[in-house]
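Let me begin by presenting the structure, written as structure tokens, before commenting on it.
None of the figures in this text is laboratory data; all of them are computed from the coordinates on show. All of these numbers come straight from a predicted model, not from anything done at the bench. With ideal geometry, Cβ positions are generated from the backbone for all residues, glycine too; neighbour counts draw on all protein chains shown.
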4 protein chains.
Amino acid sequence: MPEVVFSVDQGKSMSEQAVPGHNRWHPDVPVATMVRPGSDFRVECREWTDAQIGNNDSANDVRDVDLSRAHMLSGPIGVEGAEPGDLLVVDILDLGPVQAPQEFGDAPGQGWGYTGIFARENGGGFLTDNSLGGTATGEVADRIAREGARTVPARENGGNHDIKNFTRGSRVFYPVHVNDAKLSGGDLHFSQGDGEITFCGAIEMGGFIDFGVDLIKGGMETYAVTTNPIFMPGNVEPRYSEFLTFIGISVDHENDTNEYLNATLAYKRACLNAVEYLKKFGYSGEQAYLLLGSAPIEGRVSGIVDIPNACCSLYLPTAIFDFDVRPSSAGPVSADRGMAAISS
Amino acid sequence: MPEVVFSVDQGKSMSEQAVPGHNRWHPDVPVATMVRPGSDFRVECREWTDAQIGNNDSANDVRDVDLSRAHMLSGPIGVEGAEPGDLLVVDILDLGPVQAPQEFGDAPGQGWGYTGIFARENGGGFLTDNSLGGTATGEVADRIAREGARTVPARENGGNHDIKNFTRGSRVFYPVHVNDAKLSGGDLHFSQGDGEITFCGAIEMGGFIDFGVDLIKGGMETYAVTTNPIFMPGNVEPRYSEFLTFIGISVDHENDTNEYLNATLAYKRACLNAVEYLKKFGYSGEQAYLLLGSAPIEGRVSGIVDIPNACCSLYLPTAIFDFDVRPSSAGPVSADRGMAAISS
Amino acid sequence: MPEVVFSVDQGKSMSEQAVPGHNRWHPDVPVATMVRPGSDFRVECREWTDAQIGNNDSANDVRDVDLSRAHMLSGPIGVEGAEPGDLLVVDILDLGPVQAPQEFGDAPGQGWGYTGIFARENGGGFLTDNSLGGTATGEVADRIAREGARTVPARENGGNHDIKNFTRGSRVFYPVHVNDAKLSGGDLHFSQGDGEITFCGAIEMGGFIDFGVDLIKGGMETYAVTTNPIFMPGNVEPRYSEFLTFIGISVDHENDTNEYLNATLAYKRACLNAVEYLKKFGYSGEQAYLLLGSAPIEGRVSGIVDIPNACCSLYLPTAIFDFDVRPSSAGPVSADRGMAAISS
Amino acid sequence: MPEVVFSVDQGKSMSEQAVPGHNRWHPDVPVATMVRPGSDFRVECREWTDAQIGNNDSANDVRDVDLSRAHMLSGPIGVEGAEPGDLLVVDILDLGPVQAPQEFGDAPGQGWGYTGIFARENGGGFLTDNSLGGTATGEVADRIAREGARTVPARENGGNHDIKNFTRGSRVFYPVHVNDAKLSGGDLHFSQGDGEITFCGAIEMGGFIDFGVDLIKGGMETYAVTTNPIFMPGNVEPRYSEFLTFIGISVDHENDTNEYLNATLAYKRACLNAVEYLKKFGYSGEQAYLLLGSAPIEGRVSGIVDIPNACCSLYLPTAIFDFDVRPSSAGPVSADRGMAAISS
């Protein structure tokens, strides 16, 4: 087990940790600790709502979640010698759920996780949260609050990628924009599909992530990696060889409108087609939607050429069902509606 | 070898064939032949420009191509008993390049194929082509010309999917909208990536395609497959286990604008990031662009959740290069710039 | 389509072809034709019994087969400049069944193939066939008859590998033992599993094979490839992700004997365990045996370490069945006993 | 994290644990604890030599190892309701290295592991170890000592399978021979190839293994699983798409002898061919041998049909090397001889 360089007490909120979490990107967020290129280390994380969702059957936790505290990351970890223009090589060596004794609480990741759908009015409060900057205080904290970029979206520095294959075994090459690179981590998922389409779409958990870091000095220029990271996915994701694939095109059938090469609409249509299909097997629309958000589906930009219609597709692995989900002359059979196996 | 039910003489244009080709979808396009559910058969096809591109090194063929003759399909093949509301089950049993003796000409598919980039002004003529309806004449032909839907884009009936995995071993479930179903085929590709991003992006070829057909009576209602086909990809596509992945987000860096969850822009950015990267290995921008259009890349809708940025990604299999395309401290080495192996 | 350098008339036996077949390895077998390193070419082949098995339901063809004519290969193809000590690089570019018009006969490969089990007394005649040496006559033919090595087993020069993955997309590096290398081909299979356990275990067919050749001069010494070829399997074999695996150990349960680290016995036991299992789903023993010989199973040397028992295993892909072949509390269900899909 | 039902103190030997380990199979070994069908639980294990090998560079630990204490398993775990004739369904949910604080010692699995080659005279003492039976004492312990079957080889009850794919995600169906089934675990490997050819071939470690258990009542008869378990491998093993494959046949070239269809000899020859090849890249024979024992190679029974020669093959994934291990005209280049990545 590599050395823990950022420790989290799963019984406390991110703002009460020894080094509090942060949900803003800003060059002035103080580094929590420094590591050397070539070293491996562990970072512990809370789940993305900071464990506001309880291990119970009530929907109220989701309704009442205070999103001003959400998406608090662990870190930043400074990498010695990293300078703007370098590529920071980050290996995701391992990640997993919480490994703390039960007496420290029952946070998501301690033997359970969750996924959810948020009402539009609730998610709407999402971008009004307080700024936070780790151990920053006084004027620095004010500057971070004024200027900081929220950690929620994908960004030029990486940000919140929510890419299905961004997991154990991956190697990421991040463009370095600030001294020490300042690597942060959090918002871990036990499972997710491409797109994480339901907003809180994955199986959310707290836990740990083991990183290895290295540098390619001047690599941004050498490899023209300027606006977004590149990465090499690992080779231990769950492997499927049979898929049922749903297609969508950039036509809004509700109001009979074509939107020129709009891949967002095309993928939305593919998702809706999948939902309608799964409803024939006994799922409610909400169940089907949650399933597509957290199962290891692949979302593909299949054709973005044949004007005026973009064509996207959703690859659903058939082996995650314990009944036969393929079309047949016998019609849908779904005595048991559970999923057979979704691996982390 | 299954029976050839639609034969093409590769020495003649599609309008001169025994049954001429068609590039319109219309219920009145006459069936070329009828087959029974449960049967296998072969359909021969010309390449999508109807072999206007010659086996030479001149760019003039692409410049001078007459797009009014393009995208002429073989068929339609009627399936006995197929009625609106059914699902037509189509197995793609095999496909391949032209298998005609050399004396019948030198069409794309006869030992060679091509890919290309079209100038904007040339592609602009694309939608002004003549309507054609197989063996239709007189008033029927006029109606098809007036009402017919062009075969070029992906459509609710299937249309031109240009999906990378739509190949040997796939099983497609098409919604049936007209009696006899009327299955057509054409525009074969020797190789392509997700997206076929360069318009004429694949390796284009003429050749044959072997279909098996069956029916699920009333399947559109049974499975809620109403607006687009679904399909199960085959399991013999080339298999890769290592990828270099480029990320794009829905930010236009040229004019510093964010476009809210725009997956089209995000995928375009991922493609441009890949082009810039490959240029560091000695490719010209055009070469890199052509490579990404015809190589077996995967295009992914990775994150369409974390507002305001969509995140798409392009998975480039590293094994198609015969040099090491991964980033390293040693910098890019590219003594030999060819691709090692792109399989059909 | 590459140039055909060895043509076979599927209406005639191998001894009646323009260049007759040969079933002996001998340096003096005359080359049928010469090719250059770097070239691609097609070789046509008859099925291994020389089409003595007819497309009918009688078992007599198998009983009466004349094995003195069996295993006649096409070639040898000489490679210019190849000398003892080189490595001959052979790419298997493509292979497929017979592509001759029906009027030339109905040989295996022309739309059908077969597999079989041979009685012990019949297979016993296998090694008594006539020697044949292509176009050799007189004293040379006599020498080949006296000294030639039969083509049936795997050998140091390659020989009859019958390796499941030795197919389309593979690159083989053969040690060169004679001038011109003298590459021969034949005994094509439409499908087979590891081991080809039933002797005539694969789906046997006539057809074509497209080779590309090259040389690594002096490669035997450079790479220490002296006694057997090495190869790189292709990446387009059918891909499965779920297997039911049978284990065998080197214990003969019929006479209660352990055979020290005997992998042959261990694999035989794994096969017998699989046969007994499949019989519970309604197959006869013979059907199960034939299935394991021709389906794309994997045979593994799993443990050859823990004395005194070798442990071998047989990986059966579950997706080749169209019923659920996995054990469950519900017991075996096998309304339909066919195989869903075995691809070439 | 599932409940730990068998706990190991990594600072003590297996004979000093609260429930001591056992290295004999015998119906009278007392169960350590009982679990219910349908439950998940964790079992902790010591490394196979009981941590006699230290984290140092001396070879003496291997030379001096006391094999009388080796292969002490954790358990047995009784499963409520299991009776002879049932199938015990065992899911391997997870496994991993030691997760104990460093102050409890430095056993294999605590951040390090090892592999080794044993001298013939040392391994020779292997089968002379003391019998041990968990908490058994007095007459029961004597009977176990007299009658017990050692845990080292693969056996009809399962035993020591050492099968490469017997890992995370696998589901095993064990024949039940005794009341309560009595499941034991141990001898964990961080990595290994098919065959574990070097005796102590894997990367050996102590650690934990998470099991889920269930029963198929009467399943031995229902599925004819009588003499060996069957299993379904998981789908998260490291995935490779390019292999360099070495072939061996059942010919002993040292004394020029053929051994009729001997797969053990054929696989040995394939291994030796691989060793000779790797030596050309700068490895010593011992290094190559160790590599083949612990890397995720596949060992295949390729042809066991073409008399008189069995043909086995060894599939070496090329991606585990950080140099190009494929043959080429340029000859072997091996500036850096390390392995790029061997995943657990």
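Ranked from shortest, the separations from the 7 Å Cα-to-Cβ label point of residue D:27 to its equivalents in the other copies are 6.7, 7.6, 7.7 nm. Each of D:21, D:52, D:197 was scored by the projection of its Cα onto the charge dipole of the range D:4-232, and the greatest displacement toward the positive side belongs to D:197; charges sit on the C-beta of Lys, Arg, Asp and Glu. Axis of helix D:285-294 versus longest Cα principal axis of chain D: the two differ by about 40°, to the nearest ten degrees.
Counting only other chains, what is the mean number of Cβ atoms within 10 angstrom of the Cβ of each residue in peptide D:263-274?
Partner Cβ neighbours, averaged per residue: 5.
Across all directions, the average projected area of the convex hull around the alpha carbons of the protein assembly as shown is 50.6 nm².
Taking the Cα centre of the protein assembly as shown as origin and assigning +1 to Lys and Arg Cβ atoms and -1 to Asp and Glu Cβ atoms, the resulting dipole is close to 0 debye. Each listed q (0.16, 0.18, 0.23 Å⁻¹) maps to a log10 I(q)/I(0) for the range B:1-108 from the Debye sum over equal C-alpha point scatterers, namely -0.83, -1.00, -1.39.
Computed log10 I(q)/I(0) for chain A at 0.12, 0.13 Å⁻¹: -0.94, -1.09, from the Debye equation with unit scatterers placed on every C-alpha and solvent omitted. Sorted shortest first, the separations between the residue D:330 label point and its copies elsewhere in the assembly read 0.8, 5.5, 5.5 nm; each point sits 7 Å from Cα along the Cα-to-Cβ line. Summed over qualifying helices (DSSP H, 4 residues or more, each -39500 (n - 2.57)) and divided by its residue number, chain C shows a 222 nm mean residue ellipticity of -4000 deg cm²/dmol.
Neighbouring Cβ atoms from other chains, within 10 Å of the Cβ of residues in A:288-299, number 1 on average.
Compute the acute angle (0 to 90°) between the alpha-carbon long axis of helix B:138-147 and the principal axis of greatest extent of the alpha-carbon atoms of chain B; round to the nearest 10°. That works out to roughly 30 degrees.
Within a 10 angstrom radius of each residue's Cβ in C:88-99, how many Cβ atoms of other chains show up on average? Whole number is fine.
Partner-chain Cβ atoms within 10 Å, mean over residues of C:88-99: 1.
Residues whose amide H lies under 5 Å from that of residue C:35, counting only those 5 or more places away or on a different chain, are C:78, C:79, C:80; hydrogens are built 1.01 Å from N in the peptide plane. Label-to-label distances for residue D:282 across copies, nearest first, come out at 2.4, 6.1, 6.1 nm, using points 7 Å from Cα in the beta-carbon direction.
When each of the peptides D:58-67, C:206-215, A:242-251, C:322-331 is scored by the mean number of other C-beta atoms lying within 10 Å of its residues, the order from highest to lowest reads A:242-251, C:206-215, C:322-331, D:58-67. Counting only Cβ charges, +1 for Lys and Arg and -1 for Asp and Glu, the dipole size of chain C around its Cα centre is about 460 debye. Annotation for the range D:6-35 versus the range B:22-94: alpha-carbon center distance of 70 Å. Efficiency by 1/(1 + (r/R0)^6): what FRET value for residue C:330 and residue A:117, r their Cβ-Cβ distance, R0 = 56 Å, to the nearest 0.05? My answer for the efficiency is 0.95. On the principal axes of its alpha-carbon atoms, the range B:182-315 has extents of 52, 36, 28 Å, going from largest to smallest. The string of couplings for the range A:149-162 from the Karplus curve (6.51, -1.76, 1.60, θ = phi - 60°) is 9, 5, 8, 5, x, 5, 9, 5, 8, x, x, 8, 6, 6 Hz, one whole number per residue in order, with x for Gly and Pro. Summary of packing: across the peptides D:39-47, B:292-300, the per-residue average of other C-beta atoms within 10 Å ranks them, highest first, as B:292-300, D:39-47. Among the listed pairs C:182/D:164; A:280/C:279; C:164/D:164, a Cα-Cα separation exceeding 29 Å is found for C:182/D:164; A:280/C:279. Axis-proximal residue of chain B for the rotation onto chain D, reported as residue and distance in whole Å: B:241, 2, based on Cβ position.
Rounded to the nearest 10 degrees, the inclination of helix D:263-279 to the longest alpha-carbon principal axis of chain D is 60 degrees. All C-alpha to C-alpha distances of the range A:243-282, sorted into 10 Å bins beginning at zero, yield P(r) values of 31, 48, 19, 2 percent in whole numbers. Charges were assigned to the Cβ only: +1 to each Lys and Arg, -1 to each Asp and Glu. The resulting dipole of the range C:243-320 about its Cα centre is roughly 260 debye.
Can you tell me the FRET efficiency between residue C:260 and residue A:286 if r is taken as the Cβ-Cβ distance and R0 is 60 Å, rounded to the nearest 0.05? Here the calculated transfer efficiency is 0.45.
Take the convex hull of the alpha carbons in the range D:208-282; its mean projected area over all directions comes to 10.1 nm². In plain terms, the bigger the Kirkwood radius, the slower the diffusion; for the range C:243-320, with that radius from Cα pairs, at 4 °C and 1.567 mPa s, Stokes-Einstein puts D at 102 µm²/s.
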